[in-house]
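The values are calculated or read from the model by the stated rules, or taken from the named source; none is laboratory data. The model shown is predicted, which means the values in this text are computed figures rather than measured ones. All Cβ positions, glycine included, derive from the backbone under ideal geometry; neighbour counts span all protein chains shown. These area figures cover heavy atoms from the full protein model, side chains too; ligands, DNA and RNA do not enter into them. Shrake-Rupley method; radii C 1.70, N 1.55, O 1.52, S 1.80 Å.
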Amino acid sequence: MKKKPQFLIAAPSSGSGKTTITQGILRYLKNKGLQVQPFKCGPDYLDTKHHSWAAGNVSINLDTFMSSQSHVKSIYGKYSIEADVSVVEGVMGLFDGAKKMEGSSAQIAELLDIPIILVVNAKATAYSVAPLLFGFKNFYPGIKIAGVIFNFVGSESHYQFLKDACEDVGVIPLGYVPKNEKLHLPSRYLGLQISDSSQYNSTIEEIAKHISKTVDIEKLLELITIPFHEPKIDETIERGNLKISVAKDEAFNFTYHENLAALEKLGEVTFFSPLRDQHLPATDLLYFAGGYPELYLDELSSNESMKKAVKEFCLKGGRVLAECGGMMYLGDSIIDSDSNEFPMVGYFDQKTSMENMKLKLGYRKIHVNEDVFLGHEFHYSHIINPSMKFSVGEIYSARDQKSDTFLFRKNNTIASYIHFYWGEKNIMDLLF
């Protein structure tokens, strides 16, 4: 059986620096001339964009809540088969899932049968890291901790205490990353200009160089070179004849790669910009993904011809799916954090506001008639006077608690704060 390097980067908790270290390792491997396939556990659509820039290859979400385990195994194999190395970044803490371990990084590592490299924040600890490592190594026998990288280490002498802990616990130390306040990725919200990767290249290059000085990446590759279970790929693709238009620009770009791949099976996919284009392309289906419309309110609001075209398409019964920022765009207006109001498409008689921002996030189960669809909610805005007469279905959390989030349907337009995942289950079942 063919062997190749493949592993999951995890941490005991969020804030350990696994995202930054993942970026650095991806770029280091790319610079070695390797074809690197990145993945991200969970529903995060921002880290995947960073992965793609660092690795030079599209990053794929692996999510065992929003899709089946067989689907996760299938797409992991599909995208790994041509790669020299596969790197999966975990989500939150290693064992943190929607319910206990459900959907966690540990569950995905076990499912894919790949080793784990643990990233530990050692900023305020030394030999006391031993019981932490012991616990993560022995808590769940279904996973394997192949090694550990220590982050935010003050000095070589500090690292010696950490190595002593590793030796006593039986975990292989792979090095450390010294503190460097200059090397950090931009803020995940409002400071993140995800439309242009050029500003990140120099930072990612520096991160890669910084990490490679004190982390033994070659040893890491030896430890995680394991048998690769080559998948059976069905090359048969039957494409539909729909014309599908996807909003894609700085304001709308929170998409899952597998969602777009599923749309491509339905027909011809083209992209347009609500910010800059004056007219809609000829289309059978419009898709507005989430994004940062609140950063481009003046531009969106002033593009009268586009707003008019979208509203007319909706009014005439055109098929539309609008998620989060897309839903905000279809409303009467968006109010920014300074209480300035910007008129939008005006198809739904409701406003959304960025005033008094409060994060709302989590997995969601969407019950519509006899169907159950799965998705994820992540937003800071809120709806003012929601159009309840167009509310359909019921939405629940991962723990089956009733959610106050709404799914709106007006004619053939579906809109919600939910980011749906339809890489496995055809979204057309929900729409039409």
Margin query: Under a Cβ-only charge scheme (Lys and Arg +1, Asp and Glu -1), can you give me the dipole magnitude of the range 120-174 about the Cα centre, in debye to the nearest 20?
Written below: 200 debye
Next item on the list: May I have the convex hull volume per residue, in Å³, for the Cα set of the range 267-331?
Entry: 83 Å³
Notebook entry, point to check: Put +1 on the Cβ of every Lys and Arg and -1 on every Asp and Glu Cβ in the chain; which of G317, F254, A11 then has its Cα farthest towards the positive end of the dipole?
Noted result: A11
Notebook entry, point to check: By how many nm would the segment from N180 to L361 grow when fully extended, if each residue of separation counts as 0.36 nm and the alpha-carbon distance is taken off?
Noted result: 62.1 nm
Next item on the list: Once you have the Cα-Cα distance between N411 and E264, take 0.36 nm times their residue separation minus that, and quote the gain in nm to one decimal.
Entry: 50.5 nm
Item checked: 3J(HN,Hα) from dihedral phi, the range 312-325, Karplus parametrisation 6.51/-1.76/1.60, rounded to Hz, x for glycine, proline -> 5, 4, 5, 5, 7, x, x, 7, 9, 10, 10, 10, 6, x
Margin query: Using the Karplus curve 6.51 cos²θ - 1.76 cosθ + 1.60 with θ = phi - 60°, what ³J(HN,Hα) values do you get for each residue of the range 255-261, in whole Hz, with x for Gly and Pro?
Written below: 10, 8, 4, 5, 5, 5, 5
Notebook entry, point to check: Regarding the range 350-395, what are the three Cα extents along the principal axes, ordered largest first, in Å?
Noted result: 37, 25, 8
Item checked: For the range 58-110, the fraction of alpha-carbon pairs in successive 10 Å shells from zero, as % -> 25, 55, 20, 1
Item checked: Relative compactness, the range 12-85, computed as alpha-carbon Rg over 2.2 N^0.38 Å -> 1.11
Next item on the list: Quick one: dipole size for the chain, taken about the Cα centre, charges +1 on Lys/Arg Cβ and -1 on Asp/Glu Cβ, in debye to the nearest 20.
Entry: 500 debye
Check: From Cα coordinates alone, what are the radius of gyration and Dmax values for the range 213-279 in angstrom?
Finding: 20.0, 55
Checklist line | Karplus-derived 3J(HN,Hα), 6.51/-1.76/1.60, for each residue of the range 352-357, Hz, glycine and proline x | finding: 10, 9, 9, 5, 6, 4
Note to self: For the range 67-176, what does the convex hull of the Cα positions come to per residue, in cubic angstrom?
What the structure shows: 110 Å³
Checklist line | Cβ-Cβ FRET estimate between V368 and S155, R0 fixed at 45 Å, reported to 0.05 | finding: 0.20
Item checked: Amide H within-cut-off set for V177, under 5 Å, with H built and near neighbours excluded -> F150, N151, F152, V153
Next item on the list: Take the alpha-carbon positions of the range 1-131, form their convex hull, and give its projected area averaged over all directions (one quarter of the hull surface) in nm².
Entry: 8.6 nm²
Notebook entry, point to check: Sorted by accessible area with a 1.4 angstrom probe, largest first, how do E167, E89 fall?
Noted result: E167, E89
Next item on the list: Using a cut-off of 14 Å between beta-carbons, work out the net charge of the residues near A83 (Lys and Arg +1, Asp and Glu -1, A83 not included).
Entry: +3
Notebook entry, point to check: What does the charge dipole of the range 25-153 about its Cα centre add up to, to the nearest 20 debye, if the Cβ of each Lys and Arg holds +1 and the Cβ of each Asp and Glu holds -1?
Noted result: 220 debye
Next item on the list: With a 1.4 Å probe and every protein chain kept in, tell me what percent of the accessible surface of the range 291-402 is carbon plus sulfur.
Entry: 46 percent
Next item on the list: Using a Gaussian network model of the chain whose springs link C-alpha atoms within less than 10 Å, name the residue from M306, M357, M328 with the highest mean-square fluctuation.
Entry: M357
Note to self: Which one, T283, I335, Y380, is farthest towards the positive end of the dipole of the range 280-432 when Lys and Arg carry +1 and Asp and Glu -1 on their Cβ?
What the structure shows: T283
Item checked: the chain - percent relative contact order, Cα under 8 Å, separation 6 or more -> 13 percent
Check: Which far-off residues, 5 or more places away or on another chain, put their amide H under 5 Å from the one on K144, with H placed in the peptide plane?
Finding: I116
Next item on the list: Specify which residue in the list L266, S68, L162 is farthest towards the positive end of the charge dipole of the chain, using unit charges on the beta carbon of Lys, Arg (+1) and Asp, Glu (-1), about the Cα centre.
Entry: L162
Check: By the gyration tensor of its Cα atoms, with a ≥ b ≥ c the square roots of the eigenvalues, what is the shape of the chain: rounded for a/c under 1.5, prolate for a/b over b/c, or oblate?
Finding: prolate
Note to self: If you count only protein heavy atoms with a 1.4 Å probe, what accessible area per residue comes out for the range 324-380, rounded to a whole Å²?
What the structure shows: 42 Å²
Notebook entry, point to check: What's log10 of I(q)/I(0) for the range 205-338 at q = 0.09, 0.12, 0.18 Å⁻¹, Debye sum over Cα points only, no solvent?
Noted result: -0.44, -0.64, -0.94
Notebook entry, point to check: Based on the alpha-carbon gyration tensor of the range 289-432 and its eigenvalue square roots a ≥ b ≥ c, which shape applies: rounded if a/c is under 1.5, prolate if not and a/b is larger than b/c, or oblate?
Noted result: oblate
